[in-house]
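Beneath this line is the structure, given in C-alpha cells, with notes to follow.
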Amino acid sequence: MQKNSIKRLICLLLTLILTVTLFGCSAKSEYSVKDFSEKFLELTPFSEMKSLSGSSLPSYFVFSDANVKRFDVMVSANADSADTIACFEVINKEQRKAAISGISHYLTNQHTSFKSTIEKEFNKVQNRVLAEVENFIILVVCNDTTAIWDYLNSIGAKEVV
C-alpha cells in the first residue's frame, strides 16, 4: 500500500512540475512594438518622424488597427522623405496576411510616389527592411539598413519576401 502511495505522490509531483513548466514557458514575447521602434531610432538616423494613430492607419496601410493586436508606426513628417518605421504584432495567420498585404500596398504607393520625383527616396523604398520575428511584422525604410538588419538577424528575424 505504501508503494502505491509513493508512486501516486511522485506522479502528482511530476504532473505539477510539468504544468508549472508549461505555464512558465508560455508564448509571452520579450519584445514589444514600442521596443522595436525605439531600437531602430537608436540604430540609424531618421528624418523627423510622426506617429500614426489607429484612425489614420487605414489611409497608409489599407487595414485598421482591429486587424492587428498592437502596432507602432512612425512616418516621416516631411512629405519628401520615405522614412518609415512600422511594427505590427499579429496573433494569427489572417492578421499576418492583412499586415503583409497592407505593407505591400504602402510600399507600392511609396515606390510610385518617389520613382519619378526623388531618386534617393525611391532607393530607400527599394532597399527597405521587411522582416518578421516571433509574431511581429517589421518594416523599416531609411538611408542605411545595415545596422537594422544586423540587429534583426541577431534576434532571429527572417526576411519577408
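All of the numbers you see were taken from the coordinates with simple rules; none came from a lab. This one's a predicted model, so the numbers in the text were calculated from it and none came from an experiment. We place every Cβ from the backbone using ideal geometry, glycine too, and count neighbours over all the protein chains shown.
The label-point distance for I91 and T108, in a model that sets each label 7 Å from Cα toward Cβ, rounds to 2.9 nm. One Cα centroid belongs to segment 44-114, the other to segment 130-161; the line between them spans 15 Å. The lysines within cross-link reach of K50, meaning a Cα-to-Cα straight distance under 22 Å and a gap of 8 or more places when in the same chain, are K34, K39, K69, K120, K124.
The overall shape of segment 59-161, judged from the alpha-carbon gyration tensor, is oblate: a/c is not under 1.5, and a/b is no greater than b/c. The overall shape of segment 30-76, judged from the alpha-carbon gyration tensor, is oblate: a/c is not under 1.5, and a/b is no greater than b/c.
A simple spin-label model places pseudo-atoms 7 Å from Cα toward Cβ; at L41 and R8 they are separated by 6.0 nm. Each residue of segment 88-99 is assigned a 3J(HN,Hα), and the resulting list reads 10, 9, 10, 10, 7, 5, 5, 5, 4, 4, 5, 5 Hz, derived from the Karplus form 6.51 cos²θ - 1.76 cosθ + 1.60 (θ = phi - 60°), x at Gly and Pro.
Remark: the V62-E159 segment gains 32.7 nm on full extension, using 0.36 nm per residue and subtracting the alpha carbon distance. Which residues make up the longest stretch of the chain clear of GluC sites (Glu not before Pro) that lie in a DSSP loop with no more than 14 other Cβ atoms within 10 Å, not counting the sites? Longest run free of exposed loop sites: 49-133.
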